[in-house]
Every structure is written in structure tokens, then in C-alpha cells.
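These notes concern the structure reproduced below.
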Amino acid sequence: MINQNFISQCKIIFGHENVLTDKAELLTYSYDATAGIPREIPSLVVFPQNTKQIQELIFLARQTKTPIYPRGAGTCLSGGPVPLSKGVVVSFQKMNKIVEIDADNLTATVQPGVIIADLNTAVAKYGLIYPPDPGSMATATIGGSVAENSGGLRGLKYGVTKHYIMGMEVVMPTGEIFRFGGKTVKNVTAYDFTHLFVGSEGTLGIITEIICKLIPSPKYHRVLIAFFDKLENAGKTVTDIIRNHVIPATLEIMDKVTIQTVENYAKIGLPTDVEALLLIEVDGMGKDSVEWEAKTCLKIIQQNNGKPKIAETDAEKDSLWTARRAALPALAQVKPATILEDATVPRTFLVDMLIAIQNIAKKYNLMIGTFGHAGDGNLHPTILVDPTDKDEMDRLHKAVDEIFEKALSLGGTLSGEHGIGVAKLKYLRSEIGRSGIDTIRRIKQALDPDNILNPGKLVPMED
Amino acid sequence: MTKTVFDDIETLKKELIRCMKCGNCMAVCPVYNVEKKESSVARGKIALGEAVLSNAINIDDETLIKLIFNCLLCKSCMMACPSGVRFDRIILGLRAAIFKKKGLPFIKKALFGLLKNPEMFDKGMKAFAALQGLFLKSEGEKKRTPKGFLKGISQRFDAQFILPELSRESFRDRISEIIQVEKSQTIAIFFTGCSVNYLYPEVGDDLIYVLKKNNVTVITPKNQNCCGMPVLVHGDIETARELARKNIDAFENTKAQQIVTVCGSCGSALKNEYPILLERTFYEEKAKKWANRVYDISTFLLKAIQLKPPKGRVELKITYHDSCHLRKSMKVFNEPRQLLKSLPGITFVEMKKPDACCGSGGSYHLTNVDTSLKIAKTKTEDIKTTEADVVCTGCPACMMEIFESLHRFKGISNVIHTVSLLAQSYKSEKDEKKN
Ligand SMILES: Cc1cc2nc3c(=O)[nH]c(=O)nc-3n(C[C@H](O)[C@H](O)[C@H](O)COP(=O)(O)OP(=O)(O)OC[C@H]3O[C@@H](n4cnc5c(N)ncnc54)[C@H](O)[C@@H]3O)c2cc1C
Ligand code: SF4
Ligand code: SF4
């Protein structure tokens, strides 16, 4: 565990100014963005600036069996960076250099603390983008989003973080520095380590450098919004669009509760008597093809009795997006606490899932606004509660259990993008089964025999 | 009388609980952007408030005090917050609780504790207080602080440090209390604020000039005081309340319809802080009434009266810096731009992040020198890129900070108050006619 000697060693490794030991400072590393999970104050926070320092820390931690918790911006929604067993928080906020942008190979090499939006600003000069765009991209780090395999608003067309990671440098829990992957599009040497470490939630190794894939920035964009009197019609529109071979970059849905709350908060003139709205953005390199996609969407919306509106100017485009951007802020104003889930189902069961959530809300007398990435079947039922109301909190937990149960019964998953962490650990077995639990444990034990890296997350150590 | 966040720290609970720890504030907090520490940003400070309330840490913990004072009160976090957390109340409430428990000397020691020359700091605080208008009128009005005296007080007062020259005679000493005009459109109070009164009297002159041109009768009450912001931000609520009441009395003694300010901090104190400070007291209604009548000079000209547009040519390339309190507290940002762009001869260029803090933060630039200098450097670089002749802004505190950092980081632009440029245009109308 951590004693005075451990702290002095850390000060030698990282430098005085990069080690926090005062209680007041440590208190601010006891949480992430997840509501309703336990907090714990770490014994120490360190700010690495290079890989070597992390290796030295691992050696020190192994000798003393000290838990290590990597942390990016702490915007995780499943408890990933919370230091459950005290130990050391390794904050990557100061290890945030863009090492290289290679416009010809379409890659960027970055340190883990680079903020996603900053990478996009940097590559914009070359007419390129790094597509994964979680709602938190203005604050979240590349390291954290790689560890969580974050999704985003344009996942339907462009995929999620795992599709844009080509290689990494990792400090293993046993202290070795391991580099794999690279700038080549093709690479089948050894196991596909990249996909093992993407989404590993800080439990298998500490990521110290990342090679990201970039793509040319789409030149043309069209944005549409559509209102529906029936959920079924909105759901059918989603499947019809795909069936007609249009893959929009963004295909977002908001339910009635969310629409009403947004209108109440932002007063942007949304109709409050509709059951759902869809926000659609199509983009691409060719003007004609983008126009064709927009027209096709328009036709499908009309065939399904939706009321569409298409943005003609940039200002109009922005105003259509306002509704979606306001969803979380508006819901968050209603009650003190906001529980944001991310159960995900196959696209074709979108409507079934939405209706199930509405029934669960009624059954447990809870306010649930649902919005999310309709095209991905990835919904964000947002449950609004008052944590001081014990009875309401009880009903909340029951409702969450039922939401997960329903998602799994429809062939979906516990988490589309926020991760398991601690928040969903108890549900893990119901999705991956006994054999899954055994496998995940064996992987963890093989790579982290001392269980020092982010213990208590993702891998259930006891039944 | 029910309790407010300033009187009872328990009342902060309902403010703290609104924070959902989303971290959105990290994207905009100038302090966090430099320090990259969780305690630098609103989310971390809110967690500290929660810890105080749950007795996980004491309010007089020395590190905690430093962290709670490591904030510019720029309110950028509030603009980015999806849950509408009222961070200004939280931070001021915590500071008030610290002040109540420990008093000002302790806070000063905690903040100025790192100074090279500790015996200087009491003198320093006095000098500094005079600069900031910390003293009530009777004590501080005529005192002047020679620049050499400041050496050793803060690391910021190094060889690079420059200040606008302190004026011999304060603005209010030399201006007549009532300036009556013919065909008066309205009667307005000029709330000068300490910076204009002591450091930038010419901004006061320019304001009077502009108001006269627009047929506005101006009352500059002699018995107005410091707005109270400098004491409020140190948690000295009682002094802030006293200043607020005195100022409101001074306003009540006039027949004025409006109050005009040329300082974002003063304006936001009158507009947003007084009603909170005097909540649930005898003065509450009066505070609210005057809060509704406060205008920054730019909104006053465009919204409260019939403007006589300035027509004289001003051949300058200018850029505009949004004072945090003017933009994020008073919500004024369109009007100054509209006025400046309307001046004949002006070339207006926006800098990269016009609403990024300049690094001043009241006494912050003296107590947290390293962070403040880094914030100031970024601002200066953004200004330099515009290659503007002049940076305009609506707040004397920003003028002072930008003036200093442009000198330090080798910028070429001049710093000027928006109202001074308007006055310049009116004045060159006259010259053009003569020619
Ligand atoms: C308002 C809001 C909106 C959001 N929107 C989305 C969204 O649209 N899509 C989505 O997928 N998520 C979303 N999220 C969740 C969250 O922002 C993402 O999971 C994000 O990528 C986390 O990044 P971070 O830097 O904050 O990581 P942290 O929260 O600090 O850490 C996340 C995990 O990564 C590990 N980790 C961090 N750095 C390293 C490293 N260098 N090496 C190894 N492990 C590491 C940590 O131990 C932890 O387990 C949202 C969150 C909020 C608050
Ligand atoms: S943006 Fe608001 S709700 Fe989010 S962490 Fe900051 S203060 Fe809390
Ligand atoms: S007021 Fe400004 S400095 Fe203080 S926490 Fe908010 S953004 Fe940061």
C-alpha cells in the first residue's frame, strides 16, 4: 500500500509539481460523470508526461500491490476511473501532445491526454476529420475514449472509436512497454491487439500512445427534421431509410417527454403534441449524391406520415440541431439527478424498446425521457430522480433492471457505448454468460496477474 | 429573516446537488485549461463544497481555501453548464463561510503566503486595497500609491510590470455632481467604479462627453462607493452588503431613471449581485428596482435612449475583447460590436476567442501569478494575430490587465475603452466640420 516511501518515490519519478497528496486535491478525483455509484478518495494522484515514468510507477506498484487507476477527463458514464480501492490515480491531462499528423498516410499519432475536439481542430487544416464524436468530445480524452470504445453521433455511417484506432503503445501491468499496429491499413501480425485494448476500460494496460485513422472531411451536408404522431411511423422511417440504401451520418430520435421538456426549456417552437422526432444528417463528397440522399429521406418521411423540414441555410441547419443538443441539458434541469442509460437493440426493434421504456416509466412512476442514436438502435433512456427520495431511488433501480432485461431479450446489449465499469458489473453475466465471465477473468489474470490495474471494474472477480 | 447562501452554508446543498459532474465546464474554464487539475474547475470546486457539507473536510483546511480562491469568477462555466448550476452562488457562499470562520487576515496569508517578502504583504494589501477600492470612501479617497511601493508584494510586480499612471485627483473630485443638458432625454446616474475614479478618469470624461452629445443629464453622486465586488469575492459579505446599501441610498437620493456603467464588474454587481446580497432584507425591493435600471454604456445608447450616431471618422483597425463580467454576467456582447462597427473609418476584426478571460480576475492576477500569466499570454497572442491598432473593451480591469500583458509579451496594440472610441468619433465630427 501507499506509505511515505511510495510518495517520495513518485515525487522522484514525476517531479514534485506532478504529484498531489493534499486531501482537498485528492477529493476531486473521487468521482466521474456517473450518477449513483460509490465514490472513493485516492491516496495519490500523479500526472505522467512520458511512458518511462509510467513504467517506473508500475514497477513500484507491483512491489507494493498498489492499485492504479488511469484517468482521462473523468467524463465516463460507468464509473471507470473511480479509485474504488484508493491507490494511485494516473491523470493523463498533462500528457496531451499531438505527436504527428501524417496527412498522406491519413494518420495522427497522439498522446492519450489529447482532447478529442483538439485533435479535430488540428487535422481540420488538412481537410481531414477524426470521426468518433461522443457528446463529450469537447472535454473527453482520446485515451479515455479508446479505453471505453466510445461512440458518437455519426456512428451509423462512420462507426465508433474501434474503427479508427490503428495501433498503440501500452505499458503492461507487468511493466513491459508493448507497441503494436502502425500506419498500415493492413496488419495481421500476431493477435489483433488493437481490438483487445480498445474498450478494455483501463483494466489490461495503460495506453501511452495511439495511432488514429483520419478520413477526408465530407464536403456537403443536408439536415432534416421530421415529426411523427406515432412512434411506429418514426421507427418505420428509420428502417425504410436504410432499406433504400441511404446511410445517414446522423439519425437521431427524441421521444415525446424529451420533446416537451426541450420545448419547455429552450422555447424553440417544437410541436409538443407529437410522439417522436427524427433528426437526420446526410453528408458526402458529391453534391448530387448528397441531394439524392436528402430527397430520398424526405420522400420516405412523407410516405410514413411524418412532417419534414429541410434546412436550406447553415443557420437553419444549426437551428434544427438545437433541439437535439438541448435534449440532455433540458432533461437535466427537471430534477436534481439524471441517470443516463445506453441500452442498445438491433435497429429493427427500436420501437419495441421505446414502448417498453414508456411502460416501465409508467409502472414505476418515473419520469424517463428517451433520445438517442436511432440508426444504431442505441437509446439513452434518461431517468430523472431526486437522490434524497429513497422510495424513488428504489423504483429507479427496479426500472433500470427491467430496461436491461428487455434490451437483452430483444437481442441487444447492456451498453452500446458507455461501458460496464462498476455501474453495470452486476448485469454482465446475464449478457455474456458463465463462459464469458470465465474468459474475461482468464484474460485479466494472464495480463494483470497482480490485479493492480483498475481493479473492481469490468471484470467481476467474485461470483 | 430566512437564510441565504451567504449566511448559512447548509443552504448551498440545493445548489450543489444540481451538478451532474458531466465535466462540460472543463472545456471553457481558463484556470483549468492552464493547470489541467480537477480542482481548478467548477466541477472540482463543487465536489469540495459537497465534502465540506458532509464533513469530509474542514472549511478551514489550508489547501481547500487556496483551491476555493483559485477561481477567476469569470462565469464561463455557467455558460457551458447543461444543468444550470449557479456556480457564482456556490463559490461566493463557500468564500463567505471561509471568511466568517477565519477572517480576512487569514485569507490574505493563505493567498499571499508564498510571497518572497512576507513583512511587505500587509503594506501591500493596503496599497492593493486602495487600488481596488477596498477602503470605504472616508479612508481611501485621497491616498495614492506610488509604483515603487508595490515592489515585492506580488511576483507580478516584477521589472516587466507597468500600471496606468495613478491620477492625482480622482474623477469624482473634479467632476460636478450634476451635469444638466438642454432638451434632456433622460436623467442617468453615472456609477463610476473605483478603476475609473482613480486610474482611468479619462474614460469617465469620455462617457460624460458621449452622454452630453446625446442630451442625457448626468448625475455622478459624490457619495457613491466601491461597488463591493473586491470585498465580495474575498467572502466579506457584511462589508459588501454595507457598500450595496450605501450605493442604493445614493441612487435613491436622485431623480434618475437609469444607471450607466463603464465597468463590467461594477455593472454586474449592481445588476446581479446586489439582489442576491440583499435578498430577504429591507433593501431587497430597492435592489431589484435599480438592478432593472442598470445599463452598460453600449446598451444604454442603443436601447434606453434615442442614439445620435457618432459620424466622425476614426481610421483604425480594431478588435474587441469581451470582459467576462460584461458578457457572461451582464450578457452584453452584441451592442458594443454594433456601435464600434458603425463608426466611419473603422476596420473591425474579431480575435480568435474574444470571450476568453484576460487573466485579471480582480486580485487573482496578483495571487495566482503563474496561471494568470499563462491565461494572459494566450489572450495577447490572439490579439497580436489580428494586427489591430487598438483593442477595445468594456471594462477597466481588463484594460489594465491587457495593457500590462501586451507590454510584457511585446504586443503593439493600444488598449482603449469602447466609450473612448465613441467619444473620439464625436470629437472628429467637430474637426471635420471646421475643415
Ligand atoms: C455529457 C456527456 C456526453 C457523453 N456522450 C457520449 C457519447 O455520445 N458517446 C459515448 O460513447 N460516450 C459518451 N459519454 C461518456 C464519456 O464521455 C466517454 O466514455 C469518454 O470517452 C470518456 O473519456 P474520458 O477522457 O473522460 O475518460 P475517463 O472517464 O477519465 O476514463 C474512462 C475509462 O478509461 C480509462 N482510461 C483513461 N485513460 C486511459 C489510458 N491512457 N490508458 C488506459 N485506460 C485509460 C479509465 O480508467 C476509465 O476506465 C458522455 C459523457 C458525458 C458526461
Ligand atoms: S458543467 Fe455544470 S453540471 Fe457539468 S460538471 Fe460543470 S458545473 Fe457540474
Ligand atoms: S468561474 Fe471561471 S475560473 Fe471559476 S470555475 Fe468557472 S470557468 Fe473556471
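The values are calculated or read from the model by the stated rules, or taken from the named source; none is laboratory data. Model, not experiment: these values are computed from the prediction. As a convention, Cβ positions derive from the backbone with ideal geometry for all residues, glycine included, and neighbour counts pool all protein chains shown. Only protein heavy atoms, including side chains, enter the accessible area calculation; ligands, DNA and RNA are left aside. Shrake-Rupley method; radii C 1.70, N 1.55, O 1.52, S 1.80 Å.
Computed quantities for the displayed model
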{"item": "If the convex hull is drawn through the Cα atoms of the stretch A:188-273, its volume per residue in Å³", "result": "243"}
{"item": "Shielded by partner chains, the stretch A:290-336 residues - at least 50 Å² of accessible area, 1.4 Å probe, vs chain alone", "result": "A:333, A:336"}
{"item": "Exposure ranking of A:191, A:158, B:274 by accessible area [1.4 Å probe, largest first]", "result": "A:191, A:158, B:274"}
{"item": "Rounded percent of accessible protein surface that carbon and sulfur make up, chain B, 1.4 Å probe", "result": "52"}
{"item": "Å³ per residue enclosed by the Cα convex hull of the protein assembly as shown", "result": "187"}
{"item": "Cα centroid of the stretch A:289-360 to Cα centroid of the stretch A:421-455, whole Å", "result": "35"}
{"item": "Extended-chain gain in nm, criterion 0.36 nm per residue less alpha-carbon gap, residue A:289 and residue A:1", "result": "97.6 nm"}
{"item": "log10 of Debye I(q)/I(0), alpha-carbon scatterers only, for the stretch A:4-91 at 0.10, 0.12, 0.14, 0.15 Å⁻¹", "result": "-0.23, -0.33, -0.45, -0.51"}
{"item": "Relative contact order %, the stretch A:375-463, counting alpha carbon pairs below 8 Å whose residues are six or more apart", "result": "21"}
{"item": "Karplus 3J(HN,Hα) series, Hz, for the stretch A:377-385 with 6.51 cos²θ - 1.76 cosθ + 1.60 (x for Gly, Pro)", "result": "x, 9, 9, 10, x, 10, 9, 9, 9"}
{"item": "Residue of B:380, B:299, B:63 that the Gaussian network model of chain B assigns the largest fluctuation, springs spanning Cα pairs under 10 Å", "result": "B:63"}
{"item": "In order through the stretch B:92-105: 3J(HN,Hα) via Karplus (6.51 cos²θ - 1.76 cosθ + 1.60), integer Hz, x for Gly, Pro", "result": "5, x, 5, 5, 4, 5, 5, 4, 5, 6, 10, x, 5, x"}
{"item": "Largest-first ordering by accessible area, 1.4 Å probe, given options A:232, A:417", "result": "A:232, A:417"}
{"item": "Probe 1.4 Å, protein heavy atoms only - accessible area per residue of chain A in square angstrom", "result": "40"}
{"item": "Sites residue A:391 and residue A:362 - FRET efficiency at Förster radius 22 Å, r taken between beta-carbons, to 0.05", "result": "0.85"}
{"item": "Cross-link partners of residue B:286 among lysines (Cα-Cα below 16 Å; sequence separation of 8 or more within a chain)", "result": "B:246, B:255, B:271"}
{"item": "At 1.567 mPa s and 4 °C, Stokes D of the stretch A:365-463 from Kirkwood alpha-carbon radius, µm² per second", "result": "84"}
{"item": "Rounded to 10°, Cα long-axis angle of helix A:256-266 versus longest principal axis of chain A", "result": "80"}
{"item": "Those aspartates and glutamates that a straight Cα-Cα span of less than 19 Å connects to residue B:410, excepting residues fewer than 8 apart in one chain", "result": "B:158, B:370, B:381, B:382, B:387, B:389, B:401"}
{"item": "Burial ranking of peptide ranges A:99-106, B:45-52, A:330-337, A:305-312 (average Cβ count within 10 Å, highest at the top)", "result": "B:45-52, A:330-337, A:305-312, A:99-106"}
{"item": "Taking the stretch B:366-435 and dividing mean pair separation by its residue count, relative contact order in percent (alpha carbons under 8 Å, at least six apart)", "result": "32"}
{"item": "Heavy-atom accessible area order for A:126, A:69, largest first, 1.4 Å probe", "result": "A:126, A:69"}
{"item": "Three semi-axes of the equivalent ellipsoid, chain B, Cα gyration tensor, whole Å, largest first", "result": "34, 25, 22"}
{"item": "P(r), alpha carbons of the stretch B:346-431 - 10 Å bins starting at zero, rounded %", "result": "17, 49, 25, 8, 1"}
{"item": "Rg/Rg_ref, the stretch A:281-410, where Rg_ref = 2.2 N^0.38 Å and atoms are Cα", "result": "1.27"}
{"item": "Cα-based radius of gyration of chain A once divided by 2.2 N^0.38 Å, which approximates compact folds", "result": "1.00"}
{"item": "Relative contact order (%) - the stretch A:220-328, alpha-carbon pairs under 8 angstrom, separation at least six", "result": "45"}
{"item": "With eigenvalues of the C-alpha gyration tensor scaled by 5 and rooted, the stretch B:192-299, Å", "result": "23, 16, 11"}
{"item": "Distance from the stretch B:177-213 to the stretch A:70-85 (C-alpha centre basis), Å", "result": "55"}
{"item": "Whichever aspartates and glutamates have a C-alpha closer than 12 Å to that of residue A:363, once near sequence neighbours (fewer than 8 apart) are set aside", "result": "A:402"}
{"item": "Above-threshold pairs, the threshold being 31 Å between Cα atoms, out of A:219/B:21; A:398/B:36; A:97/A:424; A:23/A:65; B:66/B:384", "result": "A:219/B:21; A:398/B:36; A:97/A:424; B:66/B:384"}
